1. Multiplying the sequence separation of Leu84 and Ala121 by 0.36 nm and subtracting their Cα-Cα distance, what value in nm do you get?
2. Calculate, for Lys5 and Thr25, the FRET efficiency according to 1/(1 + (r/R0)^6) with r their C-beta to C-beta distance and R0 35 Å; round to the nearest 0.05.
3. Taking only the alpha-carbon atoms of region 92-152, what semi-axes of the equivalent ellipsoid follow from 5 times the gyration tensor eigenvalues under a square root, in whole Å, largest first?
4. Separation between the Thr37 and Asp72 pseudo-spin-labels, each 7 Å from Cα along Cα→Cβ, expressed in nm?
5. Between beta-carbons, use under 15 Å as the cut-off and find the net charge around Ala56, counting Lys and Arg +1, Asp and Glu -1.
Amino acid sequence: MQQQKKQLRTLRVERRILEQADQLTADEAASKAAIETRIRELMDFLVRDKKITILATYQERERLKRRAAASDKTLNGYLLSSGLKSRPPLDAEAAAQLQNLRLELRKIGSNLNQLTHATNAARAVGAAQPSEAVLTRTLLEVSAAIDRISEKL
């Protein structure tokens, strides 16, 4: 979009230069016609003239307006950029699966934190540390959970 706007500005400057000439050669006239055509094409690309209507509650509208203002965009620009650049929302089944994976990861992370704490505490007092088998099993669980999440994404 920015590139098209820059092209449009450049073409308008070129058109002004050609308009200032008293007499145009055949090549200059053809160039001016080509510039006018390209300006019209770019304007068609840049002009938003298709209307989309959405329904929202007052609170939803206000939240959207605040988010738009926070991102320094108009409400229209914010909605378009959010809708066109974001991933589509998850369906109910995918959202439930993702929630289950998050819960599983949280549990594994808690186990990993407990093992780390036990290892550090044992090291500090010179006591026996958790076995390598326990650490390996926990790391394999984390790895398997990451693989499942990667498959879902």
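What follows draws every value from the coordinates through simple rules; no lab data is involved. Bear in mind that the values here come from a model prediction, so they are computed numbers and not experimental data. Here the Cβ positions follow ideal geometry from the backbone for every residue, glycine too, while neighbour counts run over all protein chains shown.
1. Going from the current span to full extension adds 8.3 nm.
2. 0.70
3. Details: eigenvalues 184, 25, 7 Å².
Each semi-axis is the square root of five times an eigenvalue, giving 30, 11, 6 Å.
4. 3.9
5. +3
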